[in-house]
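Let me begin by presenting the structure, written as structure tokens, before commenting on it.
Values quoted throughout were computed directly from the atomic coordinates according to the rules given, and no laboratory measurement underlies them. From a predicted model like this one, the values you see are computed outputs, not experimental measurements. We place every Cβ from the backbone using ideal geometry, glycine too, and count neighbours over all the protein chains shown.
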Amino acid sequence: MNTVTPSPRSVTVRAPAKVNCELRVGPMGSDGFHELSTVFMAVGLFDEVTVTRSDRWSVTTTGPYAAHVPDGDDNLAVRAARLLARHMRVPRAAVSIRIDKVIPVAGGMAGGSADAAAVLVACDHLWGLRMDREELLYLAAELGSDVPFCLAGGIAIGSGRGERLAPVLARGTYHWVFALSSEGLSTPSVFAEFDRQTAGSRIPQPEPSPAMMTALRSGDPEALGDALINDLQEPALSLRPGLRAVLDAGMEFGALGGIVSGSGPTVAFLTGSSEHALDLCVALTASGVVDQVTRAKGPVHGAQVLAGPSRD
């Protein structure tokens, strides 16, 4: 006798933060966006997102950054759920979304993008869509340039605006320390500062550097530390001069490399081991130059189901 599987009531998904090991910014295109070449690494700092069937759309956020997350239709997680529902013509699609927020907001670590990726995966399971991964990645790119990578995870090269991904053959596990700021930085403001600083200069087409690719293939953290580079770092430092003292302190305390992640203000330091990362956390905290520090390793998987579906 055939049995009917009850409809899922809720699904919980976790999605990782990212660090840009390399971010090269090319000339601005006719669409007003810069061509990018970036090397993403997903790291073990996660937001957890629970999506539950409901009679109305809603989003609530818990955690240390909850006050900085919008609670209306402009929330990227809500936009992700609505986009998927429209695309797949899901009837009675309203859901309540709960975000347990650990990734900083406006910190250059793709916190909002991680939540959007988590909602795409969660709603795909909740509604029983079983979508093809490529179709989910297509929808993710409509939401934002970092969302596809938060779906995919691992290590990847991003091109275009960062949404076109190519996996990187890499070895090793890398231990990071992140110096977090209590106040975020606006990505458009950082790009505007980049435009101001490079006005009149010829900007080459961006591409991954041989040094970065060699370092990742070898699994050598020292080589990776030497290869870290971000064209948005100087603009971010111009807007937030105090970050330079954070970078200097991390390097003085023995980091293998330091870089502003994405558009900042998070500063990422690469270390040689878990013990080295712990020592650096202690030293940075004692120095008083950082608001908060945390550590994580990478690469890790992209958005994954943790719990559910629970049943009615």
Quick one: helix 242-252 against the long Cα principal axis of the chain, what's the angle to the nearest 10°, folded into 0 to 90?
70
Using only Cα atoms and rounding to the nearest 10 degrees, what angle (0 to 90) does helix 133-143 make with the longest principal axis of the chain?
70
For Gly160, other-chain or 5+-apart residues with amide H closer than 5 Å (H placed, Pro excluded) are Leu36
Cα gyration tensor, segment 133-218 - rounded (a/c under 1.5), prolate or oblate
rounded
Please list, ordered by chain and number, the residues whose modelled amide H lies under 5 Å from the amide H of Ala106; skip anything fewer than 5 residues away on the same chain.
Gly111, Gly112
Would you please classify the overall shape of segment 174-298 from the alpha carbon gyration tensor, given that a ≥ b ≥ c denote the square roots of the eigenvalues, rounded means a/c under 1.5, and beyond that prolate means a/b larger than b/c while oblate covers the rest?
oblate
Taking the mean number of other Cβ atoms within 10 Å as a proxy for protection, how do you rank 201-210, 188-197, 232-241 from highest to lowest?
232-241, 188-197, 201-210
For Tyr174, residues with placed amide H under 5 Å, excluding near neighbours
Gly298
Rounded to the nearest Å, the spacing of the alpha-carbon centers of segment 4-60 and segment 182-225 is 21
Percentage, to the nearest whole number, of Cα pairs in the chain over 24 Å apart
52
Inter-centroid distance (Cα atoms) of segment 243-278 relative to segment 110-155, Å:
29
Which whole-Hz couplings ³J(HN,Hα) result when phi for each residue of segment 54-68 is put into the Karplus expression 6.51 cos²θ - 1.76 cosθ + 1.60, θ = phi - 60°, listed in order with x for Gly and Pro?
8, 9, 8, 7, 7, 9, 10, 10, 10, x, x, 10, 4, 5, 9
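Scale the Cα Rg of segment 31-78 by the rule-of-thumb value 2.2 N^0.38 Å and send over the ratio, two decimals.
Normalised Cα radius of gyration, segment 31-78: 1.61.
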With the 8 Å Cα cutoff and a minimum separation of six or more residues, segment 8-167 has a relative contact order in percent of 30
How far is helix 111-126 tilted off the main Cα axis of the chain, in degrees rounded to 10, range 0 to 90?
20
In segment 8-167 the DSSP beta bridges are antiparallel at a rate, in percent to nearest 5, of 85
